[in-house]
Amino acid sequence: MNLIMFGPPGAGKGTQAKLLQQTYKIKQLSTGDMLRGEVAAQTDLGRRISDIMDDGGLVPDELIIELIADCIAQPECKRGFILDGFPRTLPQAEALNEMLTQKGQKIDHVLALEVVEDDLVERVKKRAGETAIARSDDNEETLRRRLSVYHEQTAPVLPYYEAAGLLRKIDGMQSVEAVTAQIETILNKSAAA
Ligand code: AMP
């Protein structure tokens, strides 16, 4: 089963993706975690992208598409994967479709977490307080920029998946447990169908 977790920054994509990874034994692929790893390790790629990430912008499509193509080819993705933070632009969604079609694979569901944006700032501040290693982009100013990037470049991906019949809307304002339960109901129903 191949899934996409979709939603604005702070909506809870990472939290839910981790839980789904455990329950369904499919691999969480967080592009944000991978990129932060590159920055921390000070690789060539990390040096190229750290300013972009700190500003809340998106790293170039070619880079991220290559990263994901490598990941989904790995044996650990054989049972399936959950994309967390990808695709974030229409060209990324189209490239993903192409790479999966070539492998005879597909996306089964796009789980879109719907949230009230005014509450996201508070959530992200809370996350910044709880995370041992602070994220350099978890501050109010960068979050606002990340939200505007979400509206301009990422939200337009939703109609693409809606047209493909893959979009499942989830109320992301519920408790973590209730969101998980709503997602599991969707997945289990479709598995039984
Ligand atoms: P995230 O942890 O998913 O919020 O991602 C943190 C940052 O990594 C984003 O603000 C972007 O700068 C970068 N990033 C993560 N995923 C992508 C992507 N699919 N396309 C472009 N940039 C990305």
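The values are calculated or read from the model by the stated rules, or taken from the named source; none is laboratory data. Here the structure is a predicted model, which means the values were calculated and not measured. Methodologically, a virtual Cβ is constructed for each residue, glycine included, from the backbone with ideal geometry; neighbour enumeration extends over all protein chains shown. Accessible surface areas use protein heavy atoms only, side chains included; no ligands, DNA or RNA. Shrake-Rupley method; radii C 1.70, N 1.55, O 1.52, S 1.80 Å.
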- Query: What are the pairs, 6+ residues apart or on separate chains, where a residue within the range 3-15 that is farther than 14 Å from Asp138 by Cβ has its Cβ under 9 Å from a residue that is among the hydroxyl-bearing types (Ser, Thr, Tyr) and more than 10 Å from the ligand (Cβ to nearest atom)?
  - Reply: Leu3/Tyr24; Ile4/Tyr161; Phe6/Tyr161; Thr15/Thr180
- Item | Long-range neighbours under 6 Å by Cβ, at least six apart or interchain, first residue farther than 15 Å from Pro8 by Cα within the range 119-131, second surrounded by 15 or more Cβ atoms within 10 Å (Cβ to Cβ) | Ala128/Asp138
- Check on Ala95, more than 16 Å from Leu3 (Cβ to Cβ), of a type outside the set (Phe, Trp, Tyr), touching a helix residue (DSSP H, G or I) at 6+ places or on another chain (Cβ under 6 Å) and open to solvent by 20 Å² or more (accessible area, probe 1.4 Å): yes
- Checking Phe86 against (1) within 14 Å of the ligand (Cβ to nearest atom); (2) open to solvent by 10 Å² or more (accessible area, probe 1.4 Å); (3) in contact with a helix residue (DSSP H, G or I) (Cβ under 7 Å, 6 or more places away or on another chain), which test does it fail? (2)
- Task: Residue by residue through the range 24-49, note down the ones that are closer than 30 Å to Thr185 by Cβ and more than 12 Å from the ligand (Cβ to nearest atom).
- Result: Tyr24, Lys25, Ile26, Lys27
- Message: Of the conditions (1) open to solvent by 40 Å² or more (accessible area, probe 1.4 Å); (2) aliphatic (A, V, I, L, M); (3) in a helix (DSSP H, G or I), Leu58 satisfies every one except a single condition; which number is it?
- Response: (3)
- Which of the following residues is surrounded by 15 or more Cβ atoms within 10 Å (Cβ to Cβ) and more than 25 Å from Asp54 (Cα to Cα): Leu120, Leu166, Leu113? Leu166
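Would you check which residues across the range 23-33 are closer than 14 Å to Asn2 by Cα and either within 13 Å of the chain's Cα centre (by Cα) or surrounded by fewer than 20 Cβ atoms within 10 Å (Cβ to Cβ) (or both) and list them? Give the steps one after another, and end with the answer.
Start the filter on the range 23-33 by keeping residues that are closer than 14 Å to Asn2 by Cα, which leaves 23-30.
Hits for the range 23-33 are Thr23, Tyr24, Lys25, Lys27, Gln28, Leu29, Ser30.
Among the residues of the range 155-172, which ones are over 14 Å from Leu111 (Cα atoms) and touching a residue at least 24 places away in the same chain (Cβ under 8 Å)?
Scanning the range 155-172 gives a single hit, Pro156.
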